[in-house]
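Remarks on the structure that follows.
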Amino acid sequence: MKVKPKVGVVFTSVEGYDVDQDKLAKFMIDTKQILSTLELENKFLDFTVQNTETARKANKIFFKEDLDVLLIISVIWTPDSTVITLINNLNLPIILYTTSISIHAVSINGAQVIAATLKELGINFNFIFGELADTDVQKTIIDYSKASAITKRLKNVRIGLIGNIPDIMVSLSTDLFSVKNTWGVTVVPITIPDANSYIKAVNEKEINSRVEDIKKIVGKIKVNNEALKESVRYYYTFLKMIEGLKLDAMTLNCFPSSIKGKTCLAISNLNDLGIMAGCEGDINSTIVMYALNLITGEAPMNSDLIYEYKKENAIMFSHCGAGPFSCACNPKDIVLDEHYEVKSGMAVYYPVKVGGKETTIINLVGNRSTYRMCILNGISIPTEELEYHGNPIRIKFKTNITELINKIGNEGYGHHWMVSYGNHKDIFQHLCKFAGINCQLIE
C-alpha cells in the first residue's frame, strides 16, 4: 500500500522585534495551498508559534497526532529556545524549511540558529532552503517525509522466514536481533514442514478457479495442468500461512529440491497482491521490497545482476522466474514454463520491454556493524527477447559499467538487487541515515 506521510506543519515567528512579521500572513496562505497539492497528509495549525505559550500549545496538539514528521517553516527569525519548547518529547524527524521573504525577516540566519540547536540535540532533521514552488524543493520535502513514514511503519512489520537460507548462499545470513535493532522489523522463523502444514487448509475449488483465471491472463502455458495446480496450491498455502501468523511479508528458501520450481508463481502473485515476498530467504531484500512498495504502491522486481552490455553501458538484471505479472508490459508476454534451472516445476518468464524509465535498484546486505546499502540509478532499455530464463530488464548507467561492477564487488555488496521504476535514491539515503548504516549511491 502506497504510504502517505502525516506531516505536522508549523509556522514560526518572534515577538518583541520588527522582522517583517506582516509579510507572514500571505506567505502562509500560499504555502498551505502548495503543500495541500503534495502527496502528504498535512496537519496545519490555526496559529503561529511565536513564544513559549504558543510553542507549548502546538506541542500538545502535535503530541496527540500520529505524525511521521514535523515541518517547521521558519521564514521569520525565530528563537531556537521557542523551537526547543515546540519539539519537546515529540521524538519526530524534522524538516526545517526556510526561504527569504524579505531582507529584514533574516530568514536564513534564523533557520541556521535553529539548525545548529537541532544538531546539538541529536535530532534527525533536513534543512531545506529554496522556493516552495520549485518542484525539486517539493520532492525533497516529500522524499524525507516518506523516509520518515517508512521508518516508522517498518517497526510494526512481521516478515516470515520460511526454511532459513540456502546453504550455498551464506551471505544471506541475518541476525534477527540486528534486523530488529536496525529496522524495527520482527522476523518470524518458519520451517518448511510448518509452512506446508497449511496446504491441507487449501480448497480444491479455489485452486481450480485460480487456474482458469491465470489461463485467461497469461500469453502461453507450457506446463501441464497438474504443475500449474501445484504452483497455485502453494500460492493459497502461503496466503493461509500469512493470515494465520499475522505476517506482513515473507521470504522463502526455495532451494530444497522438494519445492524448487514449485513456488515461483506464488512469489510472483503475492507481490502482485501487495504482499512482499522475497526469494532465497533474503530478509534484507524483503525489507527493501516492502519499502519500495510503500513508495510506489507497485510490486518491485527481485533480481540478480546477470550480464553486462559494454556497447550500451548497460547491465541486465533478472531472477530465475518469479517476476510479478504486473511488471510485464503486457500480460500476454508472460510464459509459464518449467523452471530452467531444475527442469521441473514452473516459473514465470517474460522480458521487461519498458524503455526510457528512470529506475532505482537497491541492494541491502550485512548485519550489525557491517550493514550496508548500495543504490543504483539508471535508465531502462527495452528488452524485447527472453535472453535469460527469468524476467530480464536492462539498465543503462552514467558510470562506466566495468567501474560500477568492480566498485560493488570490492565493497562486498550482495547478489540480490531490487528494481523499481522512479527516482527513489534520496528516500533510501534518508532511510540509511535514520537506520545508522552505510550507504553508497552509483548512477
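Each reported figure results from applying straightforward, stated rules to the coordinates on display, with no laboratory input. Remember, predicted model here, so these are calculated numbers, not experimental data. No Cβ is skipped: glycine too gets one built from the backbone with ideal geometry, and neighbour counts run over all protein chains shown.
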Starting from the Cα-Cα distance between residue 101 and residue 123, subtract it from 0.36 nm times their residue separation and give me the gain in nm to one decimal. 5.3 nm
In Å and whole numbers, how far do the C-alpha atoms of region 6-153 stretch along each principal axis, longest first? 43, 32, 28
Ignoring everything except DSSP H segments at least 4 long, calculate the 222 nm mean residue ellipticity for the chain; use -39,500 (n - 2.57) per segment, divide by total residues, nearest 500. -11000 deg cm²/dmol
Anisotropy class of region 289-331 from Cα gyration tensor, a/c 1.5 cut: prolate
Exposure proxy check on 418, 1: fewest-to-most Cβ neighbours within 10 Å is 1, 418
Percent relative contact order of the chain, based on C-alpha pairs within less than 8 angstrom and at least six residues apart? 13 percent
Cα coordinate range in region 180-238, projected on the principal axes (Å, largest first): 45, 26, 17
To the nearest 0.05, what FRET efficiency results for residue 155 and residue 52 with a Förster distance of 35 Å applied to their C-beta separation? 0.60
Take region 375-443, compute every pairwise Cα distance, and split them into 10 Å bins from 0; I just need the percent in each bin. 16, 45, 32, 6, 0
Relative contact order for region 155-261, counting Cα pairs under 8 Å that sit 6 or more residues apart, in percent: 42 percent
From the Cα gyration tensor of region 247-291, with a ≥ b ≥ c the square roots of its eigenvalues, which class applies: rounded if a/c is under 1.5, or else prolate if a/b is larger than b/c, or else oblate? oblate
Within-12-Å neighbourhood charge of residue 94 [Cβ basis; K, R +1; D, E -1]: 0
Per principal axis, descending, Cα span of the chain in whole Å: 81, 51, 42
Would you report the distance distribution of C-alpha pairs in region 1-56 as whole percents per 10 angstrom bin, up to the bin with the largest distance? 19, 46, 26, 7, 1
Build a GNM of the chain with springs between Cα atoms under 10 Å: which of 289, 169, 316 gets the top mean-square fluctuation? 169
Whole-Å semi-axes of region 276-384's equivalent ellipsoid, largest first, each the root of 5 times a Cα gyration tensor eigenvalue? 23, 19, 15
If R0 is 22 Å, what FRET efficiency do you get for residue 357 and residue 310 from their C-beta distance, rounded to 0.05? 0.50
What is the local net charge at residue 302, summed over the other residues whose Cβ is closer than 11 Å to its Cβ (Lys, Arg +1; Asp, Glu -1)? -3
Quick one: which of 57/152; 64/146; 200/246; 152/246; 222/262 span more than 23 angstrom between C-alpha atoms? 57/152
From zero outward in steps of 10 Å, how is the percent of C-alpha pairs of region 367-411 spread across the bins? 21, 38, 33, 8, 0
Proximal charge balance of residue 53 [Cβ under 14 Å; K/R count +1, D/E count -1]: +2
Take the Cβ-Cβ distance between residue 402 and residue 34 as r, set R0 to 41 Å, and report the resulting FRET efficiency rounded to the nearest 0.05. 0.40
Straight distance only, please: which aspartates and glutamates reach the Cα of residue 398 with their own Cα at less than 13 Å, same-chain residues fewer than 8 apart left out? 312, 358, 443
Percentage relative contact order, region 6-153, counting C-alpha pairs under 8 Å, at least six apart: 27 percent
Disulfide-incompatible cysteines by the Cβ rule (no partner under 4.7 Å) in the chain: 254, 264, 279, 320, 327, 329, 374
